[in-house]
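Colleague: Here it is: the structure, laid out below.
Any read-out appearing in this document is the output of simple, stated calculations on the displayed coordinates, not a laboratory observation. As the structure is a computational prediction, the values presented were derived from the model and not from experiment. Cβ sites come from the backbone with ideal geometry, for glycine too, and all protein chains shown count toward neighbours.
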Amino acid sequence: MGTWFTYLKSEVTLTDRRLVFRTGFLSRRSGELPLENVESIYISEPLLGRLCGYGSVLVTTIGGATHRLAFIASPKSFYSTLQSVVLNAKNSASDTSRPPRAPSPAQKDDSRFMPKE
């Protein structure tokens, strides 16, 4: 019964930039992960979960933090979607992570010191 309440009270939102999650019933965990910081993704499907179509997805970030997203419906589908969104986020981050060009030095305006005609 506690598992069912935990499932009903869990929420995972995947955008093109972030993974937002809120899990748990009595003990609540919530967080937000930038997708370009995701390092690895794992799936855990117990026998009952495989039969009923749910599982857990483990997301590890660059800093080594591990986030377990429990009771995910169709975890294989979620896994592949998460993989493609992470790849897109990392590609777009690397495109915009080029160092900005240094501004060109300001042109000296010495006109105020020039003799008037």
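Colleague: For the stretch 27-73, taking Cα atoms only, what is the radius of gyration to one decimal and the Dmax to the nearest whole Å?
Modeller: 11.9, 34
Colleague: Measuring from label point to label point, each 7 Å out along Cα→Cβ, what is the Ile62 to Ser40 span in nm?
Modeller: It is 1.8 nm.
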